[in-house]
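Okay, structure first, notes after.
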Amino acid sequence: MATVATDYTNKVKVTDEVAEFPESVVEEMRSHLTKYPKDRSRSALIPLLFVIQRERGYIDNPGVNFLAQFLNLEVTDIWETATFYSMFNMHPVGKYHIQMCKTLSCKILGEPELTDHICSKLGIKPGETTKDGKFTVTRVECLGSCGTAPMMQIGFEYHENLTKEKLDDLIDSLE
Amino acid sequence: MEIKAIGCEPLQLKRMHIENGHTLDVYRQTGGYESLKKAMNMTSDQIIDEVKASALRGRGGAGFPTGMKWSFVPRDSPKPKYIVCNADESEPGTFKDRYLLERDPHALIEGMLIGAFALGVETCYIYYRGEYKYLIEIMDRAIEEARQANLVGKNILGSDFNCEFYTHTGAGAYICGEETALLSSLEGFRGHPRMKPPFPAVEGLYACPTVVNNVETLTSVPQIIEMGGKEWQELGTEKSGGTKLWSVSGHVKKPGVYELPMGYHDMEKFILEDCGGMLRDDKKLKACIPGGSSVYAMRADQIIGKNVTLDYEGLVEAGSMVGSGGFIVIDETVDMVDSTKNLTEFYKHESCGWCTPCREGTDWLVKIFDRIWAGGGRPEDAQLILDLCDNIEGKSFCPLGDAAAWAIQGAVKRFPEDFKKHLLQNGNGAGTSGS
């Protein structure tokens, strides 16, 4: 499955707190509902989860509580969908989420060495976040850019035809 | 990266190198939306017949005849009908749709409009993989342009034809490229596939008749209407009509998106000449996976000197499949145990967990490959892997299980020398760097 839903080694704190959003964000969320038939508002769930993630940094309990009310669904319905998709982060990630494509074309063109390079530069392992909260590095499956392998995404942005030098320049340029 | 047509005039790639080809103005200047006008003067049957005559087969991977798929949609259904474009391109080695969506979004809108007109559809969704966010922004602008020009919305071009377009995003799940899983996802659920029948043409999105087509399939439709189905088919072969895009990656000098007529001759020339040859001149071709990762890998000796034609029949005859047309070219430096371990991890990660053979099978396969790679290979492992694949293939709920099995079986059966190295007695396998 795409994402591990719960870290069973840690107790998850459950809260009834409901996140609050500025009116402009709520308006944006309402605009997603207009794409689907009135009785099918659950269709908007994935786009809305992206809004939650953008606003809250990750898919958090109060954000999920908000969506449950907004869509008139159970909290478990929201978690059920959210935990399936690998782009939803169940934990906070760094300001820059570096996602190295690890699948075959990128791999045979040098992804493992690049990931080692970036991890040693930042002093973390894949899956970890730097202490200052600036960078998270994860290795992800095929991002659909094999012709320009090796490649990665930082947030939503594609960075292609990577080399160690290019990676260094890029990381150094991020504030 | 190369984007070009070889052996034919660029059709799919017509606007790839035209400045502002993604805008409505340029699209119209280069013949855009003329096919829609033509189609709107045809009957629904005439349009479907042209698509059937074109021998167009689904470009997402399954290769199902598009005209036939369209003809399954019930005409007299009282329910709303939908066309959903599958832009969830996530088959490893495949990236052709990305460039169509980036540089020629109106071709997709026009193709979907023609389908919508033929099938009585009033709502179209385009389902993007979540990572393609920037492409959604391009498409939203294109839809808005089309709306301003009365090509989308109510009373299109002054007729009584109404059709709305919406973009929708996934969030990272390979399985959502499977059409029924895509529909589950579009309804806001986990991307689990659904039992077929009922097929989406009868009960798809919101249990209404739905056609799900790949991007390239739909962008072919305006060309078919423009030149006529028969003429389009004749660009290719009798059973594999038209031209097709091939994504090429891996160890070649010129990776890219290539448009070839179906039946292009031959695979060896394509890799070793058209794509610039091997990336490093002193490294020989070892393998090529021609249809995205989910097909049997081909050995170099199944390609070189074998006159393999690039179409549905030719690749089956040569021992593989067209799939999504994603060529992954592999040179002799690659250990096929390592590359197969990499793909096994992919399928394990992407298995949706719905059915046991795929969920458990891919998990066990990863465990076995990890053990082999750590130096613990056993002589019986090759057979164990094949037995496991056999328990997935044909026994999983959806084709993802088959895909995983084929990718792995192909490597074990065709590259036994690589496996032998790792499967020595007493775990003396030769593990090197991790993958």
Open item on the list: Please give the Cα centre distance for region B:265-294 versus region B:68-87, rounded to the nearest Å.
Closed with: 39 Å
Task: Summed residue charge, Cβ within 15 Å of B:SER185's Cβ, Lys/Arg positive, Asp/Glu negative - done: -3
Open item on the list: Of B:CYS358, B:MET267, B:TYR296, which is farthest towards the positive pole of region B:250-373's charge dipole, taken about the Cα centre with +1 and -1 on the beta-carbons of Lys, Arg and Asp, Glu respectively?
Closed with: B:CYS358
Open item on the list: Loop-only chymotrypsin sites (Phe, Trp or Tyr not before Pro) in region A:66-175, please: DSSP not H, G, I, E or B, and at most 10 other Cβ atoms within 10 Å.
Closed with: none
Task: Within straight-line cross-link reach of B:LYS306, lysines at Cα separation under 18 Å, skipping those fewer than 8 residues along the same chain - done: B:LYS269, B:LYS284, B:LYS286
Open item on the list: 7 Å from Cα along Cα→Cβ at both B:LYS284 and B:ARG28: what's the point-to-point distance in nm?
Closed with: 5.8 nm
TODO: Report the dimensions of the protein assembly as shown along its three principal axes from the alpha-carbon atoms, largest first, rounded to Å.
DONE: 75, 66, 48
TODO: Just rank A:SER41, B:SER324, B:SER77, B:SER351, fewest to most, by other beta-carbon atoms within 10 angstrom.
DONE: B:SER77, A:SER41, B:SER351, B:SER324
- [ ] Extending each Cα 7 Å along its Cβ direction at B:GLU317 and A:THR76, get the distance between those two points in nm, one decimal.
- [x] 5.7 nm
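Based on Cβ point charges of +1 for Lys and Arg and -1 for Asp and Glu, what charge dipole magnitude is obtained for region A:96-173 about its Cα centre, in debye rounded to the nearest 20? Kindly include the intermediate steps, with their values, before the conclusion.
Numbers: 9 positive and 12 negative charges, 47 e Å.
Charge dipole, region A:96-173, about its Cα centre: 220 debye, nearest 20.
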Task: Given chain B, longest segment not containing exposed loop GluC sites (Glu not before Pro) (DSSP; at most 12 other Cβ within 10 Å) - done: B:20-237
Open item on the list: Using the alpha carbons of chain B, what is the convex hull volume per residue in cubic angstrom, as a whole number?
Closed with: 129 Å³
- [ ] Quantify how strongly other chains surround peptide A:96-105 by giving the mean number of their Cβ atoms within 10 Å of each of its Cβ atoms.
- [x] 6
Task: chain B - mean residue ellipticity at 222 nm from DSSP helices (-39,500 (n - 2.57) per run, n ≥ 4, rounded to 500) - done: -11000 deg cm²/dmol
Task: Hz values of 3J(HN,Hα) by residue in region B:234-250 - Karplus curve (6.51, -1.76, 1.60), Gly and Pro given as x - done: 5, 5, x, 10, 4, 9, 10, x, x, 10, 9, 8, 10, 8, 10, 9, x
TODO: Just report the Cα centroid separation between region A:29-90 and region B:397-424, whole Å.
DONE: 39 Å
TODO: Go through A:LYS166/B:LYS283; B:LYS4/B:LYS341; B:LYS4/B:LYS81 and tell me which ones have a Cα-Cα distance over 31 Å in this structure.
DONE: B:LYS4/B:LYS341; B:LYS4/B:LYS81
Open item on the list: Skipping prolines and chain starts, which residues have an amide H placed within reach, meaning under 5 Å, of the one on A:TYR96, given they are 5 or more residues away or on another chain?
Closed with: A:PHE135, A:THR136
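Quantify how strongly other chains surround peptide B:132-139 by giving the mean number of their Cβ atoms within 10 Å of each of its Cβ atoms. It would help to have the intermediate numbers written out before the result.
Values: counts 5, 6, 3, 0, 1, 1, 0, 0.
The per-residue average across the peptide is 2.
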TODO: Filter the DSSP H helices in chain B by two things, a Kyte-Doolittle mean of at least 1.0 and an axial alpha-carbon span of 15 angstrom or more, and list the hits by number.
DONE: B:105-119
- [ ] Would you mind checking A:LYS95/A:LYS121; B:LYS196/B:LYS395; B:LYS37/B:LYS96 for any pair whose Cα atoms are more than 19 angstrom apart?
- [x] B:LYS37/B:LYS96
Task: region B:293-310 residues near the modelled B:GLU2 label - backbone nitrogen below 20 Å, point 7 Å along Cα→Cβ - done: B:300, B:303-310
Open item on the list: Please compute, for the alpha-carbon atoms of chain A, the extent along each of the three principal axes and give them in descending order in Å.
Closed with: 50, 36, 32
Open item on the list: What percent of all Cα-Cα pairs in region B:10-233 falls into each 5 Å bin, going from 0 up to the bin containing the maximum distance?
Closed with: 1, 7, 16, 21, 22, 18, 11, 4, 0, 0
TODO: Enumerate the amide H contacts of B:GLU2 below 5 Å, restricted to partners 5 or more residues apart or on another chain; note that Pro and chain-start residues carry no placed amide H.
DONE: B:GLY256, B:VAL257
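About the Cα centre of the protein assembly as shown, how large is the charge dipole given +1 on each Lys and Arg Cβ and -1 on each Asp and Glu Cβ? Please answer in debye to the nearest 20. Can you show the working numbers first?
Working: 66 positive and 87 negative charges, 113 e Å.
With Lys and Arg at +1 and Asp and Glu at -1, about 540 debye.
Specify whether the C-alpha gyration tensor of region B:336-427 places it in the rounded, prolate or oblate class, a ≥ b ≥ c being the square roots of the eigenvalues: rounded for a/c under 1.5, otherwise prolate if a/b is larger than b/c and oblate if not.
On the way: a/c = 2.04, a/b = 1.83, b/c = 1.11.
It is prolate, given that a/c is not under 1.5 and a/b is the larger ratio.
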- [ ] Hey, for a label at A:GLU157 modelled as a point 7 Å past Cα toward Cβ, could you say which residues of region A:70-101 have their backbone N under 19 Å away?
- [x] A:93-101
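With only Lys, Arg, Asp and Glu charged, each at its Cβ (+1 for the first two, -1 for the last two), find how big the charge dipole of chain B is about the Cα centre; round to the nearest 20 debye. The partial results should precede the final answer.
On the way: 47 positive and 61 negative charges, 75 e Å.
Around 360 debye, computed over chain B.
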TODO: Would you grab the residues whose amide H sits under 5 Å from the one on B:ASN214? Only those 5+ places off in sequence or on another chain, please, with H modelled 1.01 Å from N.
DONE: B:ARG59, B:GLY60, B:ASN86
Task: Evaluated at q = 0.10, 0.17, 0.18, 0.23 Å⁻¹: base-10 log I(q)/I(0), Debye formula over Cα of region B:139-242 - done: -0.42, -1.06, -1.11, -1.14
Open item on the list: Between B:PHE72 and B:ASN307, what is the label-point separation in nm under the 7 Å Cα-to-beta-carbon projection?
Closed with: 3.6 nm
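Quick note: the coordinates plus some simple rules give every number you see, no bench work behind them. Note that the coordinates shown come from a computational prediction; the quantities given were computed from them, not determined experimentally. Neighbour counts run over all protein chains shown; Cβ positions are idealised from the backbone, glycine included.
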